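Right, one structure below, let's go through it.
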Amino acid sequence: MTGVCANQQIEAMVAEGTILADPPVDPAQIQPASLDLRLGHVAYRVRASFLAGHGRSVADRLAEFEMHRIDLSDGAVLEKGCVYLVPLMESLALPADMSAVANAKSSTGRLDLLTRTITDGGTEFDRIAPGYQGPLYAEICPRSFSVLVRPGMRLNQIRFRRGQAVLNDAELAALHKDTPLVDGEAVIQDGLGFSVDLRLPGSDLVGYRAKPHTGVIDLDRIGAYDPAEYWEEVRSSTGRIILDPGAFYILVSREAVHIPPRYAAEMAPYLAMVGEFRVHYAGFFDPGFGHDAAGGAGSRGVLEVRCHEAPFVLEHGQVVGRLVYERMAEIPTQLYGAGIASNYQGQGLKLSKHFKTPD
């Protein structure tokens, strides 16, 4: 069936050996439209990011770039600014008509923890070719904070699909008319436009900026860290802010988004030349995100923004990203936010789950 595989289909893929894992897949890894991937027991510090390339294995390329290896068994720190390669516990034996795409999990992106999946023979990050059979690796580059990791941690996730399932603009407009996808006017151009909210009701707090010199974050500690030790508050009474080159920001979308149960979505860049910044498109949006069927009633999208070479003025309502919607092959038996641990259902401006929330 054409479309993105739902949780029950992923379970079947595990049972039939399309998805292999050592140790076996934990049911908690299976999300409504994706599978969480787990770190293995060793990390390789490498000189630079790389792709295997046609006809070459990651292991062969690793021999060229490895500096040293780190045992993760008792926990180890991955340092800010360094590049690491970690073999994952999962591997694939995809049928010829099935491909996959990987992405960082929401909490990973909100820590500015660049995490990408690579494969043997791969020529793109996070894209797994139809019929791929072989191991999976995570390339990890902490950008803002050093992090403590252990085997089994889940920093990225993978979706499986058959055929072309992306909605074109006409189909997206028809879906919005039938089931509103945002709580206001929909900007549809190669996907559903996302704009930035710099006029939050009742507050001049519009975002957070990562501090340059902080302590280590243990990724297993939830709600443990004081935001003030890691983030500067970004405030504005004018509806605009100036982004500093090299700085990382957490902002929020103006739109409250709905993902109906029959669909999934992915954050993508809006326009390459829209300005001197990029929105980190770490996000998979699962079926049920922000949707009434899962108790969402609309959820804002958190924007992970990094400025490039020049200071840039970001204005309230400026379109900075887009959501690409895809059809599900089947309606998931489990929706985001409905009876599962969904940290960001109904969210507004929110840091990752590792930080304490205000009283």
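The values are calculated or read from the model by the stated rules, or taken from the named source; none is laboratory data. Computed from a predicted structure; not experimentally measured. Quick reminder, even Gly has a Cβ in these numbers, built from the backbone with ideal geometry, and neighbours come from all protein chains shown. Accessible surface areas use protein heavy atoms only, side chains included; no ligands, DNA or RNA. Shrake-Rupley method; radii C 1.70, N 1.55, O 1.52, S 1.80 Å.
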Seminar exercise, completed: Residue pairs qualifying under the 9 Å Cβ cut-off, at least six apart or on distinct chains, with the first in the range 131-148 being over 18 Å from Asn103 (Cβ atoms) and the second being of a type in the set (Lys, Arg) and open to solvent by less than 20 Å² (accessible area, probe 1.4 Å), are none
Exercise. When the range 236-258 is examined, which residues are found to be open to solvent by less than 20 Å² (accessible area, probe 1.4 Å) and free of Cβ contacts under 8 Å to residues at least 40 places away in the same chain?
Worked result: Ser236
For this session: Hey, can you tell me all the residues within the range 43-65 that are free of Cβ contacts under 8 Å to residues at least 40 places away in the same chain, of a type in the set (Lys, Arg) and surrounded by fewer than 18 Cβ atoms within 10 Å (Cβ to Cβ)?
Result: Arg45, Arg47
Exercise. If you scan the range 326-347, which residues turn out to be at pLDDT 55 or above and open to solvent by less than 50 Å² (accessible area, probe 1.4 Å)?
Worked result: Glu326, Met328, Ala329, Pro332, Leu335, Tyr336, Gly337, Gln347
Seminar exercise, completed: Quick count over the range 82-97, residues being touching a strand residue (DSSP E or B) at 6+ places or on another chain (Cβ under 7 Å) and surrounded by fewer than 19 Cβ atoms within 10 Å (Cβ to Cβ), is 4
Exercise. Is one or more of the residues making up the range 45-63 modelled with pLDDT of 95 or more and assigned to a strand (DSSP E or B)?
Worked result: yes
Exercise. List pairs: first in the range 26-42 and without any contact (Cβ under 8 Å) to a residue 12 or more places away in the chain, second open to solvent by 10 Å² or more (accessible area, probe 1.4 Å) and hydrophobic (A, V, I, L, M, F, W, C), Cβ under 7 Å, 6+ apart or cross-chain?
Worked result: none
For this session: Could you tell me which numbered condition Glu233 fails, if it satisfies all but one of (1) crowded, with 20+ Cβ neighbours inside 10 Å; (2) at pLDDT 95 or above; (3) in contact with a Pro (Cβ under 9 Å, 6 or more places away or on another chain)?
Result: (1)
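Here's a check for you: in the range 164-182, which residue that is open to solvent by 50 Å² or more (accessible area, probe 1.4 Å) and in contact with a strand residue (DSSP E or B) (Cβ under 6 Å, 6 or more places away or on another chain) is nearest to Gly288 (Cα to Cα)? Spell out the reasoning first.
Applying the first criterion (open to solvent by 50 Å² or more (accessible area, probe 1.4 Å)) to the range 164-182 yields 164, 166, 168-171, 174, 177-178, 180.
Checking the rest, the ones that are also in contact with a strand residue (DSSP E or B) (Cβ under 6 Å, 6 or more places away or on another chain) come to 166, 169.
Values: Val166: 17, Asp169: 21 Å.
Per the stated criteria, the residue is Val166.
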Exercise. Since Lys211 meets every condition but one in (1) within 22 Å of the chain's Cα centre (by Cα); (2) open to solvent by less than 40 Å² (accessible area, probe 1.4 Å), which condition does it not meet?
Worked result: (2)
